[in-house]
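The values are calculated or read from the model by the stated rules, or taken from the named source; none is laboratory data. Keep in mind the model is a prediction, meaning the values are calculated, not measured. For neighbour counting, all protein chains shown are included, and Cβ atoms are generated from backbone atoms with ideal geometry for every residue, glycine included.
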Amino acid sequence: MNSQIQVAPTVDAANPWATHAVRIREIEPEVRDVVTYRLAFEDPAVAERFRFQPGQFNMLYLPGIGESAISISSDPDDPQRMLHTVRAVGNVTKAMARKQVGDQLLLRGPFGSAWPVDSCEGQDLVIAAGGLGLAPVRPVIHYVMNRRDRFGKVWLLYGARSPRDLLYTSQYDRWREADIDVQITVDLGDDQWDGHIGVVPVLFDRLQLDASRTRIITCGPEIMMRFVIAECLSQKIESKQIYLSMERNMNCALGFCGHCQLGPAFVCKDGPVFTHEQMEPYLDVQDF
Amino acid sequence: MSVSTTPVNSIVSFEKPRLQGLLDALKQAGYRVVGPRVADGAVVYDELDSIEQLPLGMIDEQDGGKYRLERDAAAGYFDHVVGPHSLKRYLFPPQETLQQLRLKDGDWHVEPPRVADTPLAVIGPRSCDLHAMAIQDRVFLEGPYVDPGYRARRERLFVVSVQCRRAAATCFCHSMKTGPRASRGFDLALTELDDCFVIEVGSERGGEVLASVAGWKTCSAATVDRATEQSVRLERSMNQRGAAENAPHAAKPRQLDTRDIRDLLLNNLDHPRWDEVAERCLSCANCTMVCPTCFCSSVSEVSDLTGEQVRRERTWASCFTAEHSFLSSGVVRNSTTARYRQWLTHKLATWIDQFDTSGCVGCGRCITWCPVGIDLTEEVAAIRETAK
Amino acid sequence: MSKTSDHNSTEPAKKPTIAVFKFASCDGCQLSLLDAEDELLAIAHQVEIAYFLEARTRTLAGPYDVGLVEGSITTEHDAERIREIRRQCRFLVTIGACATSGGIQALRNWADVGEFIQQIYATPQYINTLATSTAIADHVPVDFELRGCPINKDQLVELITALVIGRVPRVPNYSVCVECKRRGTVCVAVAKGISCLGPVTQAGCGAICPAFNRECFGCYGPQELVNLKSLCAHYEEQGESRDHLVRLVRNYNGYAAEFRAASDALEQQ
């Protein structure tokens, strides 16, 4: 896909299979089957070198079980405090769910393309996330908060299936204090829920967007992103101003194994973050 | 001590039996030598000790889903073309260990990857195979990351390529501009003439090995011309395919119209031909396995029953399997239609976006070794005929 | 191994128990299990073989964590017994062609069993059998299946390792051709014109038969996407007789849904 790939300082381009040992420092339960792990490199020299860009992921490896691509969900300006929010759904993540503080894992990374946060500076920003899709965009929220004056209006539109499935609820107030307009919605409310009910794309109705200076960052189920994109396009936001994060079967993170191909892209290497302009020809092709 | 050598680009010749000398020289230089041999009804790559083991007097007739070896009194050592094996087996082996790990006191110890094998010399790759190797080099060596195992094997590979003097009906290197004449990517290139071998030196390593072969002599201009003419004639006859009606019952010689092929395929992702070919396609993955450029693989964990010794094993994988596009939310390409389309659009279209080259070298292996003889040149032609 | 548990979770952790049961079969798959003794010794301290009549006379009462079932259902009594075994096993695995598709004895499903009994047995009235031989999954829910006639030792070790470590067993569902090509075997169908079921059969055996110049006869059953219509049409075009194709497909896994449909269709053409 002719993208310029920068090899991270913690990845050896000549032996990209090499792993680093990390230890679980904290396990924070989030929602059902979802926890956040704080991982720390055992080798201080590696920890010192480690940095990541918002939207990038690590390959977490449990020997004998396998590797899994997990986005980094913490503050990119504080790379030492490395968080991964994980849903126990596959072989590796289920085995991770049985791990405890102090246990060792192996890690390669970071890999993948990033949300273009620097080029969003000076612009208005809409972050639209669904479900676990909030995890890969949380680094963007941190980035914005750390330099809030460089951005125009910033919205976070976030939805989940039910109030119990909303991620990072304790942090919304802090985000609001940082002048981020946080709008939350759920598909299905409960007795206590007095917020918005409906899907994320519907939240766009409430926004007054200046199409010429608005950037969109969206991450969540493909179907949700498709409706978010349709909403943005109808508001005359250009295709190249819309960024999305795609999910495919990422096995190696290096563009070697071929499993994550999506048209011309290797999602692991050219993605996971793409512009809508890049993905547009393929998004509506069935089973592509 | 000066090392004797034959300069790069020089052209020499030796009498046919002297080929044994080349084999011996390679072994002397520490190479394990592999070359074409007849086994189980086909020409495959296998260990080569003597030129007696080469398929002298054998030709291969190939067509969709069909490969037959035949005796031909006029045939030389290398008048077969490409068999089911390619250099891929040796550079990107079907199964390899990437890492070994051992659990000790709760911590994992990663053992360094195994040192690469003895250097390997392969006799026999054709121009299409050299192009295929160059394409896999782009995947494993020339991107942002380098595959260390591939690199180790690649650096130690010595290639004695062979200039084709006949083409199978399934060959279409002329369409892909990958042959028939090999012009680079070899250490030595052999042209078989009726009375001798003409050898072109492609690398310093090649020159050094050749220098230690007894009996070679500088080639006369007339002999060089004969060798060149042989390739030119073959190319001309391939380019004239389709102009003349071929004999009844003979396999139809292939060609592929590559004009705007990327856009042709990507603009026709919903063409009815994909469903039509899926009626015939078996999703068996043979095409991807025999393709010399297909590089998909899976890494799996092989642990002993205690879980304390783990090997990470990489094996050839294929876009024709469910595991290839598996997501926890479901398999992305769950039908043969989607899988065949993925394979063909990758090979001929998106490969160009990814690696600035087609993924097809026109070797025709996917046509021959498809159990039901699906022919990608025919599929592309059908799409072109009724394209949007 | 954490399926639904009816165990009392306050009990101290105990070794997972494995039970092995036999139905209509040749015992070959159980022999594969015995043949894996060297590998299994390594985890002898981690699992408890609670019930395995072919290996030891001591038996422990259920329930069991893992049940391995060999053989097909051919009698009323079998049909009863498998339901009880299902109740006793948290994770039920069928092993081999008989258990997963009815086995070679499912050839009776295309014939008159009554007639066989009359012809073969001196006192047919003692024979109490069903008219069909069917897969375990036709009677009770099955959690995992290991294919093959017999099963492959490495796959069995992989299954048990995975269950002990706590991951899904890595048992490929792609075609035999993938293993054949990795191995470097020359395709017997393409190079020799032998009608081979490799392209429609699930991998797992290591592609043994083609490596010995024989066709694959489908003993691992249907691969994930089966297109026997296209394959058989091609073999017929190459001069293969329809009778031969019916016999080829109607074999150890002949009663597996995709194979059954294909051989029936060939007969009806």
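Considering only residues that are buried (at least 21 other Cβ atoms within 10 Å of the Cβ) and either within 16 Å of B:R273 (Cα to Cα) or at the interface with another protein chain (Cβ under 7 Å from one of its Cβ atoms) (or both), which ones fall in region B:320-336?
Step one: filter region B:320-336 for residues buried (at least 21 other Cβ atoms within 10 Å of the Cβ), giving B:320-321, B:324-325, B:332-333, B:336.
Answer for region B:320-336, where residues must be buried (at least 21 other Cβ atoms within 10 Å of the Cβ) and either within 16 Å of B:R273 (Cα to Cα) or at the interface with another protein chain (Cβ under 7 Å from one of its Cβ atoms) (or both): B:T321, B:H324, B:S325, B:V332, B:R333, B:T336.
Entry remark, region A:7-36: residues being at the interface with another protein chain (Cβ under 8 Å from one of its Cβ atoms) and either modelled with pLDDT under 95 or not in a strand (DSSP E or B) (or both) number 9 in total.
Considered as a group, the residues in region A:81-106 that are within 18 Å of the chain's Cα centre (by Cα) and away from every other protein chain (no Cβ under 11 Å) include one that is nearest to A:H20 (Cα to Cα), and that residue is A:M82. Highlighted here are the strands (runs of 3 or more DSSP E) found entirely within region B:19-68 that include at least 3 residues which are facing another protein chain (nearest Cβ under 9 Å): B:42-47. Residue-level check: of (1) of a type in the set (D, E); (2) more than 9 Å from every other protein chain (Cβ to nearest Cβ); (3) under 21 Å from C:E158 (Cβ atoms), B:D375 misses just (3).
Of the residues making up region C:210-221, those that are buried (at least 24 other Cβ atoms within 10 Å of the Cβ) and without any contact (Cβ under 8 Å) to a residue 40 or more places away in the chain number 1. Among the residues making up region B:347-366, those that are over 11 Å from B:I261 (Cβ atoms) and hydrophobic (A, V, I, L, M, F, W, C) are B:F355, B:V361, B:C363, B:C366.
For A:M59, the criteria (1) more than 14 Å from chain B (Cβ to nearest Cβ); (2) within 25 Å of B:V302 (Cβ to Cβ) hold in every case but one, which is (1). For region B:169-185, the set of residues classified as under 22 Å from B:A227 (Cα atoms) and buried (at least 24 other Cβ atoms within 10 Å of the Cβ) consists of B:C171, B:F172, B:C173, B:T178, B:G179, B:P180, B:A182, listed by residue number. Tallying residues that are of a type in the set (A, V, I, L, M, F, W, C) and part of a helix (DSSP H, G or I) within region A:80-96 yields 3.
The helices (runs of 4 or more DSSP H) located wholly in region B:252-349 that include 3 or more residues which are closer than 20 Å to C:Q223 by Cβ occupy B:273-280, B:286-290, B:336-345.
Assess whether B:A116 counts as being at pLDDT 95 or above, small (G, A, S) and assigned by TED's automatic domain parsing to the domain that holds B:R233.
Working: at pLDDT 95 or above: no; small (G, A, S): yes; assigned by TED's automatic domain parsing to the domain that holds B:R233: yes.
Criteria not met by B:A116.
For region A:240-261, the set of residues classified as buried (at least 24 other Cβ atoms within 10 Å of the Cβ) and not in a loop (DSSP other than H, G, I, E, B) consists of A:I242, A:Y243, A:L244, A:S245, A:Q261, listed by residue number. Checking each residue in region A:202-225 for being in a helix (DSSP H, G or I) and of a type in the set (A, V, I, L, M, F, W, C) picks out A:V202, A:L203, A:F204, A:A211, A:I223, A:M224, A:M225. If I go through region C:226-269 residue by residue, how many of them are in a helix (DSSP H, G or I) and not basic (K, R)? Here the count works out to 26.
Matching residues to (1) assigned to a loop (DSSP other than H, G, I, E, B); (2) of a type in the set (D, E, K, R); (3) facing chain B (nearest Cβ under 8 Å):
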site: C:G114; (1), (2), (3): no, no, no
site: C:I117; (1), (2), (3): no, no, no
site: C:A137; (1), (2), (3): no, no, no
site: C:E145; (1), (2), (3): no, yes, no
site: C:V157; (1), (2), (3): no, no, yes
site: C:E179; (1), (2), (3): no, yes, no
site: C:T185; (1), (2), (3): yes, no, yes
site: C:A189; (1), (2), (3): no, no, yes
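Considering only strands (runs of 3 or more DSSP E) fully contained in region A:121-201, which possess at least 3 residues that are more than 19 Å from A:T275 (Cα to Cα)? Don't jump to the end; show me each part of the working.
Details: elements: A:124-130, A:154-160, A:181-186.
Hits in region A:121-201: A:154-160, A:181-186.
Which residues, counting only those in region A:234-258, are free of Cβ contacts under 8 Å to residues at least 24 places away in the same chain and under 27 Å from A:E121 (Cβ atoms)? Hit for region A:234-258 is A:S234, nothing else.
Filtering C:A135, C:A189, C:A203, C:A162 for residues that are of a type in the set (G, A, S), out of contact with any Gly (no Cβ under 8 Å at 6 or more places or on another chain) and touching a residue at least 12 places away in the same chain (Cβ under 8 Å) leaves a single hit, C:A203. Answer with yes or no whether C:A207 is more than 8 Å from chain B (Cβ to nearest Cβ), of a type in the set (G, A, S), surrounded by fewer than 24 Cβ atoms within 10 Å (Cβ to Cβ) and within 23 Å of the chain's Cα centre (by Cα). Answer is yes for this residue. With the condition kept exactly as written, say whether any residue in region C:196-203 is assigned to a helix (DSSP H, G or I) and more than 8 Å from chain B (Cβ to nearest Cβ). The answer is no; no qualifying residue exists.
A quick yes/no check of all residues on (1) touching a residue at least 60 places away in the same chain (Cβ under 8 Å); (2) among the aromatic types (F, W, Y); (3) buried (at least 19 other Cβ atoms within 10 Å of the Cβ):
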{"site": "B:E229", "(1), (2), (3)": "no, no, no"}
{"site": "B:R280", "(1), (2), (3)": "yes, no, yes"}
{"site": "B:C284", "(1), (2), (3)": "yes, no, yes"}
{"site": "B:V290", "(1), (2), (3)": "yes, no, yes"}
{"site": "B:Q309", "(1), (2), (3)": "yes, no, no"}
{"site": "B:R312", "(1), (2), (3)": "yes, no, yes"}
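Kindly state which helices (runs of 4 or more DSSP H) lie completely within region C:1-107 and contain at least 2 residues that are at pLDDT 90 or above. Break it down stepwise before answering.
Numbers: elements: C:28-35, C:37-41, C:76-88, C:97-101.
The helices (runs of 4 or more DSSP H) meeting that bar are C:28-35, C:76-88, C:97-101.
Filter region B:201-218 for residues that are closer than 15 Å to B:R18 by Cα and touching a Ser or Thr at 6+ places or on another chain (Cβ under 8 Å); which is surrounded by the most Cβ atoms within 10 Å (Cβ to Cβ)? Before you say what the answer is, go through the steps one by one.
So in region B:201-218, the residues closer than 15 Å to B:R18 by Cα come out as B:209-218.
Next, from what is left, pick out any that are touching a Ser or Thr at 6+ places or on another chain (Cβ under 8 Å): B:210-212, B:216-218.
Working: B:L210: 24, B:A211: 16, B:S212: 17, B:W216: 19, B:K217: 11, B:T218: 11.
Residue satisfying both the conditions and the ranking: B:L210.
Restricting attention to region A:82-135, the residues that are surrounded by 20 or more Cβ atoms within 10 Å (Cβ to Cβ), touching a helix residue (DSSP H, G or I) at 6+ places or on another chain (Cβ under 8 Å) and small (G, A, S) add up to 5. Looking across region B:337-350 at every residue that is more than 10 Å from chain A (Cβ to nearest Cβ) and touching a Gly at 6+ places or on another chain (Cβ under 8 Å), the one that is surrounded by the most Cβ atoms within 10 Å (Cβ to Cβ) is identified as B:L348.
Is one or more of the residues making up region B:322-337 at positive phi, modelled with pLDDT of 95 or more and of a type outside the set (G, A, S)? Checking region B:322-337: not a single residue is at positive phi, modelled with pLDDT of 95 or more and of a type outside the set (G, A, S). Taken over region A:40-79, residues that are outside any loop (DSSP other than H, G, I, E, B) and either aromatic (F, W, Y) or buried (at least 20 other Cβ atoms within 10 Å of the Cβ) (or both) amount to 13. Of note, B:H80 does not satisfy the criterion of being part of a loop (DSSP other than H, G, I, E, B) and at the interface with chain C (Cβ under 10 Å from one of its Cβ atoms).
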